[in-house]
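Working notes, beginning with the structure itself.
The values are calculated or read from the model by the stated rules, or taken from the named source; none is laboratory data. Predicted model, so just to flag it, every value in this text is computed and none were measured. Counting neighbours? That spans all protein chains shown, and the Cβs are built from the backbone with ideal geometry, glycine included.
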Amino acid sequence: MNKYIIYLIALVSGVLGVFAFSPFDYWGLAYVSLLGLIFVAKTSKKSTALFASFLWSMGFFCFGVNWLNVSIYQFGGASLGVSYFLVGLLSAYLALYPVLFTYLVQRFNVQSAVIFSVIWTFTEFLRGWLFTGFPWLQLGYTQIDSPFSGIAPIFGVTGLTFFTVWASASIFNGVAALFNGKNPKIALFNAVLLAGVGGLSAYAQRIDFVKPVQNEPLRVTLLQGNIEQNLKWDPDYLYSTLEIYQKLIAQHLGKSDLIILPESALPTLENALVPFFERLDRAGQAADTEIVIGTVYQDVHSDKLFNSMVSVGNPNFPYRLETLNRYSKRHLVPFGEYVPLETLLRPLNSVFNLPMSAFQSGAVAQPPFMAKARVFAPAICYEIIFGELVRQNLKNDTDYLLTISNDAWFGNSIGPWQHLQMARMRALELGKPLIRATNTGISVFIGAKGEILAQAPQFVETALTYDIAPMKGKTPYSVLGDMPLYGLSLLFLMLRGMMAFMRRRMNLSQKP
């Protein structure tokens, strides 16, 4: 086949893969996209396959993370050309992992569908770990509304990704066997395997790993202030922000058990607003309503800045700046919340000097975050995309997952919808209801099956109230994480290696 046709197939199939994610949600296109990648990886000579895989990746990532352009251009002060260049540069870096996948497939002449998945799992692990990791657009997320979502509470999004690649490779092998005149039993075998895993997933969907605690719902109100990002950090707009949230809080004091504000809801140091927090604490106590607020907190001893959340309104624990009932963000956004090599990079361009880009990471082990005598597993904004981190924040007696965010950085793009899809996956993996408060949307309540229970519209100043029951019990993934899948992947590799070794030994023994 002409190499330019192969390049076109690669580019188009990469772009199509993004339509499998939210807000489009055509989950079947994940398989179409992967079929395109596997096709170019297996049917081309090495140099053509590697470049075609690079084109697949550029189509996939340039379109899939184009929302970064909004924050770089509109709020980072970079020119439009520089912002697109930086998105392209990031995409080129992310393209290295699918290219590595194709290189390994070519290098070892991979035929087995399950080994395709093992190699992809390895490259995705690297993408989520190296340089603090960027596991955005894992293909398993696309399957949250598919018939295969039952895999998630057992093996997590990594397992769903493994299955998606394996299914795509099985389809490829089956079709290739028919077209190449090989034994049609190969195609039949792959079809039976796919049907078997589909049946297992359907069965798992009916298993209730967790159960609601009856008669103990919590009435929670999410406040969505809808503060425009270009005004949020303007000192002249601080009092307007305070007025918006004071008004919204007052409307729900005494009516809700818990009120939750979004990430860095009050855009100045919490230390400078201690009298405001103390008044809010007294008002919450009087109304029997606790309030969780995303703040920018400066440690009084070290002067380090933290992106944190804190609770006020508990009569047993009056508010103080050094309260232990605080969660500080552990996994920061590179360049957005901290700048690697900052002494070198900050002088170069305003894009490296975004507001509040000098945070410190919170401790790995932090006390349970409490509100209304319930235990919450917290995650602030970017952290929700790291399944293992959220799993680590889960305690034995956790009732809910809680994430606060400010997706105003990404405007009216596909970014906030992808972010929401990942939050839904955390609820499904861990079997816990998830509460998500955001500045401009999308504020939601999510059930333990990953379903949306209530949702506020984007770009509207509003409050969303819902009675949400806690869940008790554990999913297999919440207990074991990704280790079973990594163990199985290693086992598959060992078995494949043993089979190849035995085959070589047999061939050698048959030679005269």
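Below is a table of values for the structure above.
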{"item": "Subset of the range 5-23 (residues that are without any contact (Cβ under 8 Å) to a residue 60 or more places away in the chain and either outside the structural domain of T142 (by TED's automatic domain parsing) or among the hydrophobic types (A, V, I, L, M, F, W, C) (or both))", "result": "I5, I6, L8, I9, A10, L11, V12, V15, L16, F19"}
{"item": "Any hit, the range 305-320, residues being outside any strand (DSSP E or B), at positive phi and small (G, A, S)", "result": "yes"}
{"item": "Which listed residue, of G81, G88, G140, is part of a helix (DSSP H, G or I), in the same structural domain as S33 (by TED's automatic domain parsing) and touching a Ser or Thr at 6+ places or on another chain (Cβ under 7 Å)", "result": "G140"}
{"item": "Listing of strands (runs of 3 or more DSSP E) fully contained in the range 410-478 that carry 1 or more residues being among the charged types (D, E, K, R)", "result": "434-438, 462-468, 471-473"}
{"item": "Output for the range 125-152, where each listed residue is in contact with a helix residue (DSSP H, G or I) (Cβ under 7 Å, 6 or more places away or on another chain), among the hydroxyl-bearing types (S, T, Y) and either without any contact (Cβ under 8 Å) to a residue 24 or more places away in the chain or surrounded by fewer than 24 Cβ atoms within 10 Å (Cβ to Cβ) (or both)", "result": "S149"}
{"item": "Pick from the range 211-250, criterion assigned to a helix (DSSP H, G or I) and among the charged types (D, E, K, R), ranking: farthest from P153 (Cα to Cα)", "result": "D236"}
{"item": "Any hit, the range 275-283, residues being in contact with a strand residue (DSSP E or B) (Cβ under 9 Å, 6 or more places away or on another chain), farther than 21 Å from G441 by Cβ, assigned to a loop (DSSP other than H, G, I, E, B) and in the same structural domain as A363 (by TED's automatic domain parsing)", "result": "no"}
{"item": "Counted residues, the range 194-210 - those being of a type in the set (A, V, I, L, M, F, W, C) and assigned to a helix (DSSP H, G or I)", "result": "6"}
{"item": "Lone qualifier among F155, F172, F122, F162 - being farther than 30 Å from G447 by Cα, at pLDDT 90 or above and buried (at least 21 other Cβ atoms within 10 Å of the Cβ)", "result": "F172"}
{"item": "Every residue from the range 360-390 that is over 24 Å from T475 (Cα atoms) and out of contact with any Lys or Arg (no Cβ under 7 Å at 6 or more places or on another chain)", "result": "A363, K372"}
{"item": "Candidates Y327, Y297, Y319 - the one that is farther than 24 Å from E383 by Cα, surrounded by 18 or more Cβ atoms within 10 Å (Cβ to Cβ) and in contact with a strand residue (DSSP E or B) (Cβ under 7 Å, 6 or more places away or on another chain)", "result": "Y319"}
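This table checks each residue for (1) out of contact with any strand residue (DSSP E or B) (no Cβ under 6 Å at 6 or more places or on another chain); (2) surrounded by 15 or more Cβ atoms within 10 Å (Cβ to Cβ); (3) not hydroxyl-bearing (S, T, Y).
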site: P262; (1), (2), (3): no, yes, yes
site: A286; (1), (2), (3): yes, no, yes
site: L305; (1), (2), (3): no, yes, yes
site: S308; (1), (2), (3): no, yes, no
site: V312; (1), (2), (3): no, yes, yes
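Residue-by-condition table, conditions (1) in contact with a strand residue (DSSP E or B) (Cβ under 8 Å, 6 or more places away or on another chain); (2) loosely packed, with under 13 Cβ neighbours inside 10 Å; (3) basic (K, R); (4) modelled with pLDDT of 90 or more:
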residue: K185; (1), (2), (3), (4): no, yes, yes, no
residue: A191; (1), (2), (3), (4): no, no, no, no
residue: G198; (1), (2), (3), (4): no, no, no, no
residue: Y203; (1), (2), (3), (4): no, yes, no, no
residue: R206; (1), (2), (3), (4): no, yes, yes, no
residue: L218; (1), (2), (3), (4): yes, no, no, yes
residue: L223; (1), (2), (3), (4): yes, no, no, yes
residue: N230; (1), (2), (3), (4): no, yes, no, no
residue: D234; (1), (2), (3), (4): no, no, no, no
